[in-house]
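In what follows, a single structure is set out as structure tokens and then discussed.
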Amino acid sequence: MTTPHGVVETPAFMPVGTLGAVKGVTPQELEAAGASIMLSNLYHLALRPGIDIVERLGGIHAFTGWRGPILTDSGGFQVWSLGGLRTVDAGGVTFRSHLDGSPLRFTPEGVVRFQEQMGVDIAMVLDECPPWPVEPAAAAASWERTLAWAGTARAAWQGRGEGGGLFGIVQGSSYPDLRRRAAADLAALDFDGYAIGGVSVGEPEADRRAVVEWTAPELPAAKPRYLMGVGYPEDILHAVRQGVDLFDCVLPARNARHGVLFTRQGVLKIKNARYKDDRRPLDPECGCPACARTSRAFLHHLMRAGELTAPVLATLHNLRFYLDFMADLRQSIQLGTLTEMASLACRTAGEDAPEGPDVRVHPVSSDPLEQRSS
RNA sequence: GGAGGUGUGGCCGAGUGGACAAUGGCAGCAGACUGUAAAUCUGCCGGGCUUCGCCCUACGGAGGUUCGAAUCCUCCCGCCUCCA
């Protein structure tokens, strides 16, 4: 996928930097972890610091220091997540700021303009992300409105023709006919990419997978297909098999902050007492900075102590895990072995007594030059 | 020596006659988290059992008053403050 700030190999995972940064991680670290594109959020940036500030400071790339492509979510997810703080009408959404209660009006054309002002690589249309479950009639009515907004947004978008562009968002809840119709409706508007929205709002896993199976094949194969807010590695693998190219999810970052690590041995809750004297790296097969020197016991200690370094290390690890996983998926596609790729175990790791290699901190030479050359 | 205060579950700390196995917080043990109002939230946290309930043992110790005591009285022990 080509964007003004670079090419993105797909399928790709976009780490979530809601406020312009992935929590606890510098742009350099994000780059080093292998991220090729970052997601940010219009609603949150509009509230603070304000779009005008971002624009005046040279746009979102200069402001945040992230040099790669940036996709911004429109605020459509906040229609769901801030359900008690907004009203939706035919013309758009009025939020009451979750920070100070002040009103904030989002219209489909305004949202396009905001994202253009910030200079994002990929802008998302304003959509209405309905709750789950929702009645069929309400889901259909909601889709009609989102479709109308999509048309308005499409007309307002002044593409620069350098890649990236404006993505439409399919809704339709858990209703196959509505989902398929929505995909066709949206495809007719000729967006630069298409997203599947309305998932990861509390629906059962089976529903989520069904939605992907109904929707992804209906979206133009030549354009990027993006499954919003998903998910666990298993969900991503499933969706990639359905032809989805882009993902974003707060899970690796949030779970890291909460002490839950993704590893090739399964999910590891590092705060659990069983890890207090576990000398092994977080994931012996991982090449992230945390795994290079941090034992499970040490991260366990840092987490419990509330040390700031703990969520940072955990986030670096989880992001690396996700990004490595995407690299594996891309390789499998090239090799034609995607269908053989097993889903990752989600069981808890570490039931057994510590075994396998301990973390090795290599002795550091006293000669700085030698250190550098090594 | 005199006067006053205080002692509560691992820790801190509420509770001054029944609604008390005892509010909170911390620590501890688990769980959740999916386009981030999340470094957050939830459950458990004296013991036992047939665990939406019952039975033991418990608010420094012993005794007493009372239908009923962490709460009132007496004595004892520990700690704190002030005065000699």
Problem - Which numbered condition A:GLY229 fails, given (1) at pLDDT 95 or above; (2) on the phi > 0 side of the Ramachandran plot; (3) surrounded by fewer than 20 Cβ atoms within 10 Å (Cβ to Cβ) - result: (3)
Practice task
May I ask you to list the residues in the stretch A:287-307 that are touching a residue at least 40 places away in the same chain (Cβ under 8 Å) and assigned to a loop (DSSP other than H, G, I, E, B)?
Solution key: A:CYS288, A:THR294
Problem - Residue within the stretch A:35-46 that is outside any loop (DSSP other than H, G, I, E, B), aliphatic (A, V, I, L, M) and more than 14 Å from RNA strand B (Cβ to nearest atom) present - result: no
Exercise for the section: Any residue in the stretch A:54-65 that's among the aromatic types (Phe, Trp, Tyr): show its pairings with residues that are surrounded by fewer than 20 Cβ atoms within 10 Å (Cβ to Cβ) at Cβ separation under 7 Å, as long as the two are six or more apart or on different chains. Expected result: A:PHE63/A:LEU57
Practice task
Filter the stretch A:184-219 down to residues that are buried (at least 24 other Cβ atoms within 10 Å of the Cβ), touching a Phe, Trp or Tyr at 6+ places or on another chain (Cβ under 8 Å) and part of a helix (DSSP H, G or I), then give me how many there are.
Solution key: 1
Handout entry: Complete set of residues in the stretch A:87-113 that are over 22 Å from A:ASP52 (Cβ atoms) and part of a strand (DSSP E or B)
Key = A:THR87, A:VAL88, A:ASP89
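Within the stretch A:312-333, identify whether any single residue is part of a loop (DSSP other than H, G, I, E, B) and either modelled with pLDDT of 95 or more or closer than 19 Å to A:VAL359 by Cβ (or both), and answer yes or no.
Filtering the stretch A:312-333 for residues part of a loop (DSSP other than H, G, I, E, B) gives none.
So far as the stretch A:312-333 goes, no, none of its residues is part of a loop (DSSP other than H, G, I, E, B) and either modelled with pLDDT of 95 or more or closer than 19 Å to A:VAL359 by Cβ (or both).
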Problem - Selection from the stretch A:82-108 of residues that are within 12 Å of RNA strand B (Cβ to nearest atom), loosely packed, with under 15 Cβ neighbours inside 10 Å and free of Cβ contacts under 8 Å to residues at least 40 places away in the same chain - result: A:GLY84, A:ASP100, A:GLY101
Problem - Single unsatisfied condition, A:ALA273 versus (1) under 26 Å from A:MET341 (Cα atoms); (2) within 14 Å of RNA strand B (Cβ to nearest atom); (3) of a type in the set (A, V, I, L, M); (4) surrounded by fewer than 22 Cβ atoms within 10 Å (Cβ to Cβ) - result: (1)
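Could you list, in sequence order, the residues of the stretch A:276-286 that are touching a helix residue (DSSP H, G or I) at 6+ places or on another chain (Cβ under 7 Å), outside any strand (DSSP E or B) and either hydrophobic (A, V, I, L, M, F, W, C) or more than 10 Å from RNA strand B (Cβ to nearest atom) (or both)?
Step one: filter the stretch A:276-286 for residues touching a helix residue (DSSP H, G or I) at 6+ places or on another chain (Cβ under 7 Å), giving A:276-283, A:286.
Keeping just the survivors that are outside any strand (DSSP E or B) gives A:276-280, A:282-283, A:286.
A:ASP277, A:ASP278, A:ARG279, A:ARG280, A:LEU282, A:ASP283, A:CYS286 - these are the residues of the stretch A:276-286 that are touching a helix residue (DSSP H, G or I) at 6+ places or on another chain (Cβ under 7 Å), outside any strand (DSSP E or B) and either hydrophobic (A, V, I, L, M, F, W, C) or more than 10 Å from RNA strand B (Cβ to nearest atom) (or both).
Residue by residue through the stretch A:227-262, note down the ones that are of a type in the set (Lys, Arg) and near RNA strand B (Cβ under 6 Å from one of its atoms).
So the first thing to find is which residues in the stretch A:227-262 are of a type in the set (Lys, Arg), and the list is A:241, A:254, A:257.
Answer for the stretch A:227-262, where residues must be of a type in the set (Lys, Arg) and near RNA strand B (Cβ under 6 Å from one of its atoms): A:ARG254, A:ARG257.
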Practice task
Restricting attention to the stretch A:113-130, report how many residues are more than 8 Å from RNA strand B (Cβ to nearest atom), under 25 Å from A:SER142 (Cβ atoms) and β-branched (Val, Ile, Thr).
Solution key: 1
Fill in the blank from the handout: A:THR215 passes all but one of the listed conditions (1) within 14 Å of RNA strand B (Cβ to nearest atom); (2) at pLDDT 95 or above; (3) under 19 Å from A:ALA35 (Cβ atoms); the exception is number (3)
Practice task
Please list, ordered by first then second residue, the pairs with beta carbon atoms under 8 Å, 6 or more apart or interchain, first in the stretch A:8-31 and on the phi > 0 side of the Ramachandran plot and in contact (Cβ under 8 Å) with a residue 40 or more places away in the chain, second in a helix (DSSP H, G or I) and more than 9 Å from RNA strand B (Cβ to nearest atom).
Solution key: A:GLY20/A:LEU45; A:GLY20/A:ILE60; A:GLY20/A:PHE63; A:GLY20/A:THR64; A:GLY24/A:VAL312
Exercise for the section: Among the residues of the stretch A:174-212, count how many are free of Cβ contacts under 8 Å to residues at least 12 places away in the same chain, of a type in the set (Gly, Ala, Ser) and either away from RNA strand B (no atom under 12 Å from the Cβ) or within 25 Å of A:GLN158 (Cβ to Cβ) (or both). Expected result: 1
Problem - Single residue of the stretch A:131-172 satisfying the filter (in contact with a Pro (Cβ under 7 Å, 6 or more places away or on another chain) and on the phi > 0 side of the Ramachandran plot) that is farthest from RNA strand B (Cβ to nearest atom) - result: A:GLY163
Exercise for the section: Find the residue count for the stretch A:304-322, including only residues that are of a type in the set (A, V, I, L, M) and surrounded by 22 or more Cβ atoms within 10 Å (Cβ to Cβ). Expected result: 5
Handout entry: Matching residues, the stretch A:225-266, being polar (S, T, N, Q) and part of a helix (DSSP H, G or I)
Key = A:ASN255
Practice task
Please find, within the stretch A:59-77, the residue that is farthest from RNA strand B (Cβ to nearest atom) out of those that are touching a helix residue (DSSP H, G or I) at 6+ places or on another chain (Cβ under 6 Å) and assigned to a strand (DSSP E or B).
Solution key: A:ILE70
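The values are calculated or read from the model by the stated rules, or taken from the named source; none is laboratory data. All figures in this text were calculated on a predicted structure; none of them were measured in a lab. Note: ideal-geometry Cβ built from the backbone for every residue, glycine included; neighbour counts use all protein chains shown.
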